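*Asks:* First the structure, then my questions, so here it is.
Every number here is computed from the coordinates shown, using simple stated rules; none is lab data. Since this is a predicted model, take the numbers as computed values, not measurements. Ideal geometry is used to build each Cβ from the backbone, glycine not excepted, and the neighbour counts take in all protein chains shown.
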Amino acid sequence: MSCGWGRARASAVYGEPATQYKCAPAGGSYPVRACDMSELYTGRLLPAKWAIQAQTGKVAMKSSIWAAACAVLALLWLDSGAAAQIKIRVGKAQAQQFAFVPVDVGIKAGIFKKHGVDIEIENFAGDAKLLQGLTAGLVDIALGGGPTLAFIPKGTPMLGIAAIAGPPGTIMLVVLKNGPVKTEADLKGRTVSVSTKGSLTYWLAQELSRRNGWGNDGIKIAPLGSPIAQVAALRTGQIDGVVTDSSTVFRIEEEGVGRILVRFGDRIKDFHVHAAFASKAMMAQHPDAIRAFLAAWFETIKYMETHKDETIAIASKVTGVSKTVSARNYDAVMPIFSRTGHFEPKALDVLAGSFVDMGALPTKPDMSKLYTEEFLPKP
């Protein structure tokens, strides 16, 4: 016998609510009205076909029997619906960035699934490419550099939703081990590569030049895209250094090709090196999906703290480096992960200044309009 319900379950794409059902009070009286599965489950209401029908005047069977039957069916429905996952497309500014590995760890450990989230990962060659993907609707949530906030006043349809890492300990400047650059002073007038113009690595290279008193152009900056392309240019002597992620730096150091010249995390303390962003469409249409994602993200950070070996193994596979390199990444990056996602005023002020330094914006923006903390897990 059918309960006469509409859709059997909610959409598995973004957690859309199930279609409401036609119900009547368990006593079989009028009026017939819309209800949802939670009401059916309680037994206070019955599907309309089992109650008195306005069109036919039929009398339902005893409410207690039908209430019990409906409760059983509701339990079965809820059990099958528990497997429904919210699908979220997550974009990474760089595939090999250890700071974005929590997504992979959370998937492997079943944490995102526990929160009802099905993650689909897309990798990009830098923040600019990542934002092109978000603007085109290819991703719902973007994991990028803190300076990516500067793109919001320029029209990128998104907001920051969490600060995921503090000082830029994930970014370093590497040079050839036996190359012409021996000290930081040797960088003046030389060329270093970054991912894209306006990216985090671009700003850090400029900031290094400014802090040495050379101005914005004391170091020539060449946006070359992916770390693979940048390292290839370094090996062939086309550039003198690379500002890139720690995974890439540790790998070429392990190979005996490069050596670390600058650790940016030692130079800049008040900062948000990485942040998570959500498209405005995602925020408007599926806010609970964002909350589920962030809850799973921060639970994963806690998991990584107590599961070092598992984290290193997953990171090694995802970033394409040895376990030795992944272990170094773990030690360098875990301390700078945010445990709350809150944006800090001092860090935001440094970021605002960086937007002007890069020429991305003419003046410091109102940073409060570039992010929201409404989706963060409650304490």
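*Asks:* Residue-wise, which Karplus ³J(HN,Hα) couplings in Hz belong to region 111-119, taking 6.51 cos²θ - 1.76 cosθ + 1.60, θ = phi - 60°, and x for glycine or proline?
*Replies:* Values per residue, Gly and Pro as x: 6, 5, 4, 4, 8, x, 10, 10, 8 Hz.
*Asks:* Sticking with this one: What is the calculated FRET efficiency for Thr236 to Ala84, with r their C-beta to C-beta distance and R₀ = 51 Å, to the nearest 0.05? It would help to have the intermediate numbers written out before the result.
*Replies:* Values: r = 51 Å, r/R0 = 1.01.
So, using R0 = 51 Å, E works out to roughly 0.50.
*Asks:* I've got another one for you. Hey, can you rank 245-254, 116-125 by average C-beta count inside 10 Å, highest first?
*Replies:* Details: 245-254: 23.9, 116-125: 18.3.
The most tightly packed comes first, giving 245-254, 116-125.
*Asks:* Set the Förster radius R0 to 22 Å, insert the Cβ-Cβ distance between Asp357 and Lys280 as r into 1/(1 + (r/R0)^6), and round the FRET efficiency to 0.05.
*Replies:* Values: r = 27 Å, r/R0 = 1.23.
So, using R0 = 22 Å, E works out to roughly 0.25.
*Asks:* Between Arg190 and residues 5 or more places away or on another chain, which pairs have amide H atoms under 5 Å apart, with H built 1.01 Å from N, and which residues are they?
*Replies:* HN-HN under 5 Å from Arg190: Lys220.
*Asks:* Oh, and also: May I ask you to evaluate 6.51 cos²θ - 1.76 cosθ + 1.60, the Karplus curve with θ = phi - 60°, for each residue of region 296-308 and list the ³J(HN,Hα) values in order in whole Hz, giving x for glycine and proline?
*Replies:* With coefficients 6.51, -1.76 and 1.60, one gets 5, 4, 6, 5, 5, 4, 5, 4, 5, 4, 9, 9, 4 Hz.
*Asks:* Additional query: When we measure straight from the Cα of Lys87, which aspartates and glutamates land under 20 angstrom away, once same-chain ones fewer than 8 places off are left out?
*Replies:* Filter leaves Glu16, Asp79, Asp104, Asp118, Glu120, Glu122, Asp140, Asp288, Glu299.
*Asks:* Within 10 Å of each candidate Cβ there may be at most 11 other Cβ atoms; applying that plus a DSSP loop requirement, which GluC sites (Glu not before Pro) in region 286-379 survive? Kindly include the intermediate steps, with their values, before the conclusion.
*Replies:* Details: sites: Glu299, Glu305, Glu310, Glu373, Glu374; in loops: Glu373, Glu374.
When the GluC sites (Glu not before Pro) of region 286-379 are filtered for loop state and at most 11 Cβ neighbours within 10 Å, Glu374 remain.
*Asks:* Now for a different question. Please give the residues of region 235-257, grouped as numeric ranges, whose backbone N is less than 12 Å from a label point set 7 Å along the Cα-to-Cβ vector of Arg267.
*Replies:* 242-244, by backbone N distance to the label point.
*Asks:* Right, something else. Along the Cα-to-C-beta direction of Gln132, a point sits 7 Å from the Cα; which residues of region 175-197 have their amide N less than 17 Å from that point?
*Replies:* Zone members listed by number: 194-197.
*Asks:* Pull out the extension gain between Ser322 and Asn212, defined as 0.36 nm times the separation in residues minus the alpha carbon to alpha carbon distance; nm, one decimal. Numbers along the way, then the final one.
*Replies:* Values: separation 110, 0.36 × 110 = 39.60 nm, distance 3.44 nm.
Once the chain is fully extended between Ser322 and Asn212, it gains 36.2 nm.
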